[in-house]
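Data first, discussion second: the structure below is written as structure tokens.
The values are calculated or read from the model by the stated rules, or taken from the named source; none is laboratory data. The structure presented is a predicted model; accordingly, all values stated were derived computationally and were not measured. Neighbour counts are summed over all protein chains in view; Cβ atoms, including those assigned to glycine, are modelled from backbone coordinates with ideal geometry. What goes into the accessible areas is simple: the full protein's heavy atoms, side chains included, and nothing from ligands, DNA or RNA. Shrake-Rupley method; radii C 1.70, N 1.55, O 1.52, S 1.80 Å.
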Amino acid sequence: QRRVREAVVSTQSTGTDLNTYCGWKLVGFKKAIMEFQLSRLDLMTVGSTSMKSMKVLPNPPGKKMAQRIAVGDHNGVLTCFQMKRSETVIDFKTLPGTKVERLELGGAVGSLQEKIFISSGSEVRGFTKRGKQFLMFETNLSDTIKSMFVSGPNLHITGQYIYNMYHNCQDTHFYLSCDKINDMIGIPGSGKEIFPVLGCQDRVLRVLCDSELLYEAEVPGSPEALSLFDVMSGFGHNNLIYGTKDGIIGLCTVNKDNPCHRWEIANSNNLGGITAVETYDVNNDGVSELIIARDDGTVEVYSITEGQPKLITSKNVSESITSIGAGLITSAAHPDVVVSTYPGHVISLTSEVKSHVAQNIISPSAKTKLDDLKKDIEDLKRQVLSEREKYQKSAGSDSAISAVVKFHVNDKFTLNPVDANYLLSIEIQMPIENVLLQCDVPIDLLDVERNSAVVSHSACDPEDKNYLLATYRCQANTTRLDVKVRSIEGQYGTLQVYITPRIQPKTCQLRQYQIKPLSLHRRTHIIDGERPMNILKLSGSFSLGEVHSWIGYCIPEVPDKCPSGDTITMFFQVHSWTLNWSATTDKDQLSSDQITSALFPFSRT
């Protein structure tokens with residue numbers, strides 16, 4: 001309405017026809033969308049980071065200045081910094097400790113949310129933006145805190161299956177989920193009421209009120225990232241954006257009674273899974289855009305036009321993204337998108353014109369610092385060479401003991417139901433030298449477009465249960481490798497992956513991935529009840545837990561923990577076929593429109 005009034009006033013004052021004026025504005029709007037690009041600028045390097053372990057601290061209302069960034073890493077270090085005159089200035093940095101799993105912002109209700117809360121193990125600590133610690137709270141959670149959010153005096157945390165709410169550090173509410181909790185967020189209700197929403201592994205959003213489950217909202221994938229949709233986007237405050245493990249984005253209105261699904265964005269380009277979601281006005285048009293981060297390093301910005309999302313730009317940083325934010329980072333005039341990656345890089349994707357960003361003007365002070373850094377690098381190279389020579393001399397001694405270098409592996413083995421294959425993603429903080437794959441069942445290795453590694457296959461003897469032996473030799477400075485694997489339903493076994501980094505002394509880590517008999521099946525909540533089915537019934541003296549372990553052995557996405565209750569019902573799908581499983585004590589039933597799916601679980605027990 002404001003823009004319509006501006007158009008009418010402008011046409012009346014200039015005598016321009018309204019249709020002509022709107023045509024000019026439309027051309028200018030399209031041109032602005034086409035010219036909107038993101039340019040990369042590396043801000044800082046920290047240790048490896050976990051999901052949602054970075055936040056952009058907000059500015060006071062009405063002030064436009066460089067915003068601070070807080071990030072926690074696997075070394076247990078919390079770093080808060082900002083950009084001043086194109087240089088990184090650290091406000092404070094804590095001492096190393098237990099790995100930081102999650103970072104959230106909080107504060108008094110109605111005030112600026114600028115207090116920093118981090119979780120390490122089962123402990124929560126709070127810091128001011130100046131670095132003063134004001135809270136150290138040891139929860140009674142036996143598991144590591146996986147997700148967290150703060151609402152005034154209320155602290156909401158989750159482990160793998162458990163949700164707890166603490167009011168002024170007193171345990172107040174509790175809920176036990178029947179499947180793993182991937183993420184959590186709070187939806188504001190009327191007054192001070194907050195409805196926690198749990199994104200669970202079984203493709204369900206569980207909406208809670210205190211310790212009770214209000215209802216379950218089914219989504220098309222396993223929700224990995226949840227975020228509130230900004231009010232500036234034109235929607236209400238109770239709208240939830242979710243991103244799934246297989247790359248689907250959706251908007252759902254959550255209230256006290258029932259959910260309302262508004263729209264979904266399919267992963268038509270087979271990009272990575274969603275790791276973080278944010279909303280911010282990054283192109284200064286007065287309306288918030290939707291910003292999506294994926295585990296393959298892709299950042300996407302969507303505009304919301306007539307209630308529907310439209311992609312306006314994207315950027316790939318070539319590293320798995322763990323957190324995303326937006327704000328005035330490098331300039332008070334141009335908003336930036338800022339991301340943290342798994343290897344520990346904090347990167348700004350600025351919306352400034354490239355000619356201003358990439359200018360080669362170096363101040364005298366910056367030139368002096370650059371020369372000093374080059375000298376330090378040369379000194380470090382000489383020290384590394386000297387220590388390496390000492391190690392080579394001592395390695396031949398009988399009394400010398402080599403120290404095994406420990407490194408963390410960020411890996412995923414995700415089913416792509418459209419192409420009927422699995423995507424194996426391996427990422428470490430240091431460069432990868434080679435990756436060896438060995439499997440005791442027949443599988444096919446498929447090409448990945450962004451994969452630059454050279455693969456070589458070795459001869460195998462199937463009689464020794466060795467069907468695959470392949471080595472991927474990676475290029476220099478490669479920290480991530482993606483491999484597509486296609487299995488055959490009915491063939492089950494183990495895929496073993498040996499990861500060797502480019503470090504001295506040589507060491508490797510082993511990762512194992514189970515290929516289940518019905519490996520292409522996935523959980524679903526929508527079935528056709530009128531379709532004719534093949535039904536197999538089984539009765540006997542067995543417990544519900546035993547039947548659950550049988551099904552979990554054969555089909556993916558079955559919870560590790562047996563659900564509570566006297567009855568279990570789950571639905572699975574592969575292509576257009578469905579498999580329905582229901583079980584009680586001493587009774588079990590499988591029904592499917594494909595007879596082999598119904599028979600296979602019991603043919604192997």
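Quick one: which residues, 5+ away or cross-chain, put their amide H under 5 Å from the amide H of residue 214? H built at 1.01 Å from N.
It is 207, 208, 209, by chain and number.
Grab the Cα-Cα distance for residue 449 and residue 587, subtract it from 0.36 nm times how many residues apart they are, and report the gain in nm with one decimal.
Values: separation 138, 0.36 × 138 = 49.68 nm, distance 4.78 nm.
Length gained between residue 449 and residue 587: 44.9 nm.
In debye, nearest 20: dipole of the stretch 160-288 around its Cα centre with unit charges on the Cβ of K, R (+) and D, E (-)? Kindly include the intermediate steps, with their values, before the conclusion.
Details: 7 positive and 17 negative charges, 12 e Å.
Charge dipole, the stretch 160-288, about its Cα centre: 60 debye, nearest 20.
Near residue 465, which lysines are there with a Cα under 27 Å away, not counting those fewer than 8 places off in the same chain?
Filter leaves 412, 484, 516.
Counting heavy atoms of the protein chains only and a 1.4 Å probe, report the per residue accessible area for the stretch 454-514 as a whole number of Å².
Heavy-atom accessible area per residue stands at 56 Å².
If I take R0 = 56 Å and measure r between the Cβ atoms of residue 84 and residue 527 in this structure, what FRET efficiency does the formula 1/(1 + (r/R0)^6) give, to the nearest 0.05?
0.45
Once the Cβ-Cβ distance between residue 193 and residue 393 is put in as r, and R0 is 56 Å, what FRET efficiency do you end up with, to the nearest 0.05?
Efficiency computed from Cβ-Cβ geometry: 0.25.
Carbon and sulfur: what percent of the chain's accessible surface (1.4 Å probe)?
Answer for the chain is 51 percent, counting heavy atoms of protein chains only.
Of 284, 307, 403, whose Cα points farthest to the positive end of the dipole of the chain (charges on the beta-carbon: +1 Lys, Arg; -1 Asp, Glu; origin at the Cα centre)?
284
So if I place +1 on the C-beta of Lys and Arg and -1 on the C-beta of Asp and Glu, and nothing else carries charge, what would the dipole magnitude of the stretch 31-132 be about its Cα centre? I want it in debye, nearest 20.
It works out to roughly 320 debye.
For the charge dipole of the chain, defined by +1 on Lys and Arg C-beta atoms and -1 on Asp and Glu C-beta atoms about the Cα centroid, which residue among 370, 338, 327 has the Cα displaced farthest towards the positive pole?
Towards the positive end, the residue furthest out is 370.
In whole percent, what relative contact order does the chain give with Cα contacts below 8 Å and a gap of six or more residues?
9 percent
What lysines sit close enough to residue 381 to cross-link, taking a C-alpha to C-alpha distance under 28 Å and skipping anything fewer than 8 places away on the same chain?
Result set, ordered by chain and number: 93, 367, 369, 390, 393, 406, 506.
Give or take rounding to whole Å, what are the principal axis extents of the alpha carbon atoms in the chain, in descending order?
82, 73, 55
With the crude spin-label approximation of a point 7 Å out along Cα→Cβ, what separation in nm comes out for residue 42 versus residue 383?
Here the modelled spin labels are 2.0 nm apart.
Residue separation times 0.36 nm, minus the C-alpha to C-alpha distance between residue 498 and residue 403: what's the value?
Numbers: separation 95, 0.36 × 95 = 34.20 nm, distance 1.89 nm.
Contour length minus the Cα-Cα distance gives 32.3 nm.
So which lysines pass the test for residue 63, namely a Cα distance under 22 Å, with those fewer than 8 places away in the same chain ruled out?
Candidates past the 8-residue exclusion: 55, 84, 115, 129.
Set the Förster radius R0 to 41 Å, insert the Cβ-Cβ distance between residue 376 and residue 416 as r into 1/(1 + (r/R0)^6), and round the FRET efficiency to 0.05.
So, using R0 = 41 Å, E works out to roughly 0.35.
At 1.4 Å probe size, with every protein chain present, just tell me what the per residue accessible area of the stretch 126-190 comes to in Å².
On the way: 2870 Å² over 65 residues.
Heavy-atom SASA per residue in the stretch 126-190 reads 44 Å².
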